[in-house]
Every structure is written in structure tokens, then in C-alpha cells.
Amino acid sequence: MNSQFIQEASETCFNGCCSSPFTSHSMSEKQEELEFSVITTGTSFLTRETKFTSQESLPRLRTSFYDLITAFPDYLQTNQADHLRSTDYENLSSSSHVFGQQQPLFSYSQFQEISESESDSLFTLSYKQVSSGKELLSFEGESWFQSRMRKRITSFMNLEESEYHMILTQDRSSAFKIVAELYSFKTNPNLLTVYNYEDEAVEEMIKISEKKGIKPESAEFSWPSTEIRSEKLKRRITRSKRRGSKRGLFVFPLQSLVTGASYSYSWMSLAHENDWHVLLDTSALGSKDMETLGLSLFQPDFLICSFTEVLGQDDPSGFGCLFVKKSSSPVLSEEPTNPSNLTVVKAEPSWKWKTEYPEQNDEITPVDHEDHKAASTSGFEIVEIESSSEQDKAMIEFRGLDHADSLGLILISRRSKSLTLWLLRALRTLQHPGYHQTEMPLVKIYGPKTKPSRGPSISFNIFDWQGEKVDPLMVERLAEREKIGLRCAYLHKIRIGNKRRSEEAMSLRLSVVNVRLGGFMTNFEDVFKVWEFVSRFLDADFVEKEKWRKKALEKNK
């Protein structure tokens with residue numbers, strides 16, 4: 001890769017869309033040599049066993065970007081996302097909420113056009129308690145906006161409206177509660193989950209099933225890869241059919257939201273072959289991962305996802321979505337243990353000057369734009385619509401979904417993988433100064449390392465120069481102060497020891513630091529900030545000061 005090409009690539013990324021406070025930092029002689037070496041040799045410094053022992057020794061942002069495109073040249077083909085971020089999501093440059101948020105419905109620029117203040121919401125949510133599965137799946141009284149929203153989200157999730165019901169819920173956890181309350185455990189008395197981390201929503205489902213007399217089971221995971229122990233899970237899935245016993249509910253994510261371990265679609269196929277109902281949890285998937293071939297071949301009975309209103313809000317509003325396959329809906333027939341868990345949501349636009357929507361469900365057919373000119377104002381696309389009343393109606397644009405659609409699966413996946421694999425390599429270059437004869441790495445990573453099929457989540461822990469683990473909760477608190485989205489999570493169901501003789505194995509529960517790079521608007525500067533922040537823990541004084549600060553705060557409580 002010649003220097004002229006890299007210069008052009010740098011200008012493409014850093015003119016506006018990736019402006020950074022780090023670019024003005026002066027460079028040391030060692031940093032200059034590193035940048036010159038990357039540019040002239042076309043070799044990534046992360047592949048040359050380079051180690052950094054202090055924050056000051058890190059290459060600056062520009063040099064690190066050169067390194068990214070040297071190691072992952074495909075990243076240069078994703079600059080359309082950088083352009084969208086600079087024009088429609090400019091708030092993300094000062095937000096700590098870039099990482100890990102759900103897919104947004106609207107863009108920030110649209111939010112600015114419509115809302116009257118930063119505290120406004122673009123829609124209002126009303127809550128209704130239902131009493132049965134039949135009422136849950138009834139869409140009587142659905143407004144035009146609600147119908148439009150349901151159709152758009154169903155299409156975005158690559159599902160057929162003729163095959164699935166869609167129900168809005170307060171959040172992802174509420175969707176899990178609804179399934180747990182209504183699922184016919186009496187006739188299908190098994191629950192099998194596949195999570196290598198503690199998940200609040202799944203735990204709620206487990207508690208409800210236990211109240212119904214079910215003994216939930218879980219997959220187990222290998223150490224340190226955190227991947228599924230396949231033989232054991234296969235035995236548990238096939239056991240019910242071999243013994244002629246009744247089926248149950250198989251709750252399955254395609255990726256771990258914490259470690260990034262990815263799982264095969266074939267687990268859903270195996271479960272269906274053995275008469276299980278399958279609930280697919282998509283919370284760990286990227287914006288367009290639903291377009292993969294696997295989902296169309298292995299259609300789940302239930303699917304749960306969630307959306308946020310606008311990316312980057314300090315107090316993000318959003319909701320969960322529960323999709324129920326119509327042919328599987330009769331299984332939601334049980335009496336709930338707690339009726340208050342059966343709460344659904346209805347959404348309506350909340351801006352004052354909104355165009356009124358009809359309450360009847362008219363068939364909506366946009367007129368050809370070649371023959372009719374559409375006007376676009378303040379986030380609305382005004383189009384002519386054929387309906388029984390023959391009135392023109394306002395159609396809301398879901399620009400967040402539109403942007404993800406325009407970028408597409410290949411671009412978003414390529415961008416996410418490049419950033420994730422680069423950060424994994426970068427974290428492993430951080431090492432404490434030579435206090436010991438052996439290497440003392442700052443970071444220990446759990447889960448798959450450089451596996452191309454891994455997801456965009458990374459779990460790790462930070463260790464001080466004495467080898468003591470730094471409390472992940474403290475790391476989370478310090479990161480939040482710097483507007484960096486690191487979170488504390490807990491790995492569980494990890495088996496260490498003899499694989500065949502479970503009595504000699506130990507089940508591990510481990511607190512970890514987690515970062516998720518799956519947002520379709522995440523850019524390299526976000527990733528670099530994570531690396532730079534973690535490198536601060538190479539300074540022993542930094543860690544000690546924070547420990548004393550924590551003790552002082554606890555003492556004053």
C-alpha cells in the first residue's frame with residue numbers, strides 16, 4: 001500500500017467524520033518512527049509483536065488508523081457509514097452511548113428537525129395489560145401509524161407479515177416475560193437456554209418457569225473459548241425425543257452478547273427436528289444480520305429484538321418487539337402466574353404539529369413518484385395514498401432503519417469485523433513495564449480471539465502490575481466518566497476440568513469488562529478511545545488513586 005493511497009484514505013476518514021482531540025497531540029520520536037514504518041512497509045505494527053508499556057507510548061489516532069487499513073484494507077470500503085455519521089448522527093462524537101445500543105428507528109438529524117427540545121421524544125408509548133394469548137395477538141383498533149410501524153419493523157427484520165405477528169413490549173425483558181407467562185409448559189414441560197453470561201431477561205423467564213414447576217436446564221460452555229460444549233447440548237436436545245417425552249422451549253441467541261462467541265443456525269434446526277419450540281434472541285446481532293440465509297431456512301417460533309428511538313441519547317427511550325409465528329401461536333395458551341407481566345405497548349407520534357393519522361386500517365398504496373411529486377418536510381415524506389377516504393396522509397420516515405438498509409449486510413459486517421479484530425489485537429499489545437522476568441500483560445481476553453466468525457462483543461479483565469484483577473465495576477464507572485461505553489458483565493455456566501466426568505469439573509462464574517462494537521455507526525475513533533482508556537491502567541498510580549477514591553466514597557456514605 002503506497003503512501004499516496006494511505007494519505008487519500010486518511011483524508012477520507014478524518015475530514016469531518018473522524019475529527020479527534022488526539023490528532024493535535026505532538027508525536028515522540030518513537031511514534032514518528034512507528035508511523036513512518038507502517039506507511040512505508042505496509043505492515044501492521046500489531047502483527048510485529050509490538051508492546052506498549054505506557055499510555056504515552058501509544059501511537060496517535062492517525063497512525064493507528066493507518067494500521068487499521070493496513071491490517072484490514074476492506075475497512076476503506078465502508079466510508080459511506082462515516083459520511084452518514086457526520087451528516088445524520090453528529091451527536092455521537094460526544095456520547096458515551098455509541099456502543100451496545102439497539103438499532104435506532106430515527107436519525108439524530110431527524111430528531112432535531114421534529115423535536116422542540118433535547119428532552120422530547122418522537123413518539124409516546126401507552127401501555128395496556130392483556131389477559132390471554134388471544135388478546136395479545138389481536139390488532140383491533142390499531143391506528144394507521146401503528147400499522148405502518150409494524151409493517152416497517154417486520155420488513156426490516158426480514159420476516160414475512162403473513163407468517164408472523166408482531167407485538168410491542170416495554171423492553172426486551174418484558175417480551176421474555178410474556179412468552180414465559182403464556183407458553184404451555186404444562187404440555188411442553190422443558191426449558192433449555194444457551195447463554196454463557198448472566199442475562200436479566202432470561203433470568204426472569206427462568207423464574208416464571210420455575211413457578212410453574214419446570215426445572216430449567218442450560219447449555220454449558222468451554223474454557224477459555226466460552227463456546228458451546230456441543231456434545232452435551234446435543235444430548236440434551238435429542239434426549240426428549242429418544243425417551244418419548246414431551247418437548248419444550250429452546251431459547252437461543254446466535255451470538256453471545258458478552259464474549260462474541262458465535263453459534264450455528266443448525267442448533268435451531270436440531271431443536272425443531274426434536275420437536276422443540278425455538279425462541280431466537282437477536283439482541284447480539286448486528287443491524288442487518290437478519291438478512292442471512294440461515295433465518296429463512298430455520299424459522300423460529302418466537303423472535304425477540306429491541307429498538308431505540310435515537311442513537312446517542314443519555315436516557316435512550318425504546319421498546320422491545322416479540323414476533324410470534326402464526327402457526328405456533330396456539331402454544332401461547334396458558335394462564336399467567338402474574339397478569340401484570342402481560343403488558344403490551346402502543347406507539348403514536350408525539351410531536352405537537354403532527355399530521356393526523358386515520359384510525360381505520362386503510363390499504364396503503366403509494367402513488368408512483370414519477371407521476372406525482374412528493375414533498376418532504378421535517379422528517380415526513382408526504383405521499384399520495386389510495387384509501388377508502390381518498391385522503392392524502394403523512395408517512396413517517398424511519399430513517400434509522402432506512403440508513404441501515406442503505407448500508408446493507410456486507411458493509412456493516414465488514415466494518416464491524418475490522419474494528420473488532422483490530423481492537424482485540426490492540427488490547428493484547430498492552431503490557432506492564434519489566435517488573436518481572438516473564439511478560440505481565442495488562443489485559444486478559446475471554447472468548448474467541450481472532451476467529452473471523454466471532455461477534456462484535458469483547459469480554460476482558462484488567463490486571464495491575466502485581467497481577468491483581470481490577471474490579472470491573474470500577475472500570476465501568478471510570479469509563480462512564482470518560483463517556484466510553486464499557487460495562488461490567490458476568491460469565492457463567494463455564495465448565496473447567498474433565499469434559500467427560502462432570503464431577504471433576506468446576507462451574508465458573510466470572511465478572512468481566514464488556515464492550516460491544518455492533519452499532520452500525522461505530523467508527524474507528526470510538527475503538528481507539530477504548531484502547532487509549534484501557535492503557536491508562538498501565539500507570540500504577542492511576543489504579544491506586546481510584547482505589548483510594550472508591551474507599552473514601554464508601555466511607556462517606
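The values are calculated or read from the model by the stated rules, or taken from the named source; none is laboratory data. None of the values given here were measured: they were computed from a predicted structure. Don't worry about glycine lacking a Cβ; one is built from the backbone with ideal geometry, like all the others, and counts go over all protein chains shown. Accessible surface areas use protein heavy atoms only, side chains included; no ligands, DNA or RNA. Shrake-Rupley method; radii C 1.70, N 1.55, O 1.52, S 1.80 Å.
Let me check I've understood the local charge: for L538, count other residues with C-beta under 10 angstrom from its C-beta, Lys and Arg +1, Asp and Glu -1. What total comes out? Present the calculation step by step, with values, prior to reporting the outcome.
Details: positive: R536; negative: E56, D464, D539.
Cβ neighbours under 10 Å give a net charge of -2.
Evaluating 6.51 cos²θ - 1.76 cosθ + 1.60 at θ = phi - 60° for every residue in segment 541-555, the Karplus couplings come out as 5, 4, 5, 5, 4, 6, 5, 5, 4, 5, 4, 5, 5, 5, 5 Hz, glycine and proline recorded as x. How far is the Cα center of segment 140-194 from the Cα center of segment 408-469, in Å? When both Cα centres are located, 36 Å separates them. Pairs with C-alpha atoms separated by more than 22 Å, drawn from the list K207/K469; K326/K493; K51/K444; K288/K417; K207/K449, are K207/K469; K326/K493; K207/K449.
Summed over the residues of segment 441-557 and divided among them, the accessible surface reaches 48 Å² per residue at a probe radius of 1.4 Å. Tell me which residues come under 5 Å, amide H to amide H, from T308 once H is placed; ignore anything under 5 positions away on its chain. For T308, whose amide H was placed from the backbone, the distant partners under 5 Å are Q102, Q103, L105.
The amide H of V278, built 1.01 Å from its N in the peptide plane, has F250, D301, F302 as neighbours under 5 Å, considering only residues 5 or more places off or on other chains. Taking every alpha-carbon pair under 8 Å whose residues sit at least 6 apart, segment 208-278 reaches a relative contact order of 27 percent. For S184, the residues whose modelled amide H falls within less than 5 Å of its own, excluding neighbours fewer than 5 places apart on the same chain, are S333, E334.
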